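See structure below.
The values are calculated or read from the model by the stated rules, or taken from the named source; none is laboratory data. Being a predicted model, the structure only gives us computed values, none of them experimental. In this analysis, Cβ positions are derived from the backbone assuming ideal geometry, glycine residues included, and neighbour counts consider all displayed protein chains.
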Amino acid sequence: MKYIVTLNGKNYEVDVNELAEAIVTNVSDTITAPAPVAPAAPVAPSVPAPTPVVSGSGTPVKAPMPGAILKVNATQGQKVNEGDVLFILEAMKMENEIVAPCSGTVSQVVVSQGNTVDTDAVLAFIG
C-alpha cells in the first residue's frame, strides 16, 4: 500500500507491505501532494431488517447467546426428553449444545442449519 506522509512540510511517498507487522519498503521525497478529493455523498445508515415475530404453542427453546446454528437435531413431531440436545450453536468459535428445557413433543422448529440467531431467539417449541 502506498501512503503520502508529510514531515516537516515535505511530502514523502511510503510503500508499506502488510505481513504480521507493517514494514516500510520504500521512501521517496520527489512526490507532490495529491489533489484533495471531494468527500463522498453521505450514505444513509442501513436499517436492519426487523426480526420476524415468532409465535407457536408450547415451551419455547431459546438461544442463550448469539451465534450460528451448526446442526439441527430436532424435527417437528419428534418426542424429546428434558436435556436432549436439540441444536448445536456456534458462538465465539465454540460449539454449544442447546438442550430441551422440558419433555414433550416438538411442535415447531423455527430455525434451520446455517441460520444466525440473537440472544433469546426462539429456536423451537415443545408442546
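Worth pointing out:
- Among the conditions (1) in a strand (DSSP E or B); (2) modelled with pLDDT under 80, the only one that residue 68 does not satisfy is (2).
- Members of region 86-101 found to be of a type outside the set (Phe, Trp, Tyr) and within 20 Å of residue 56 (Cβ to Cβ), listed by number: 86, 89, 98, 99, 100, 101
- The residue pairs whose first member lies in region 47-64 and is of a type in the set (Lys, Arg), whose second member is surrounded by 10 or more Cβ atoms within 10 Å (Cβ to Cβ) and modelled with pLDDT of 55 or more, and whose beta carbons are closer than 6 Å, counting only pairs six or more residues apart or on different chains, are 62/120; 62/122.
- Annotation for region 76-84: no member residue is out of contact with any Ser or Thr (no Cβ under 7 Å at 6 or more places or on another chain) and of a type in the set (Val, Ile, Thr).
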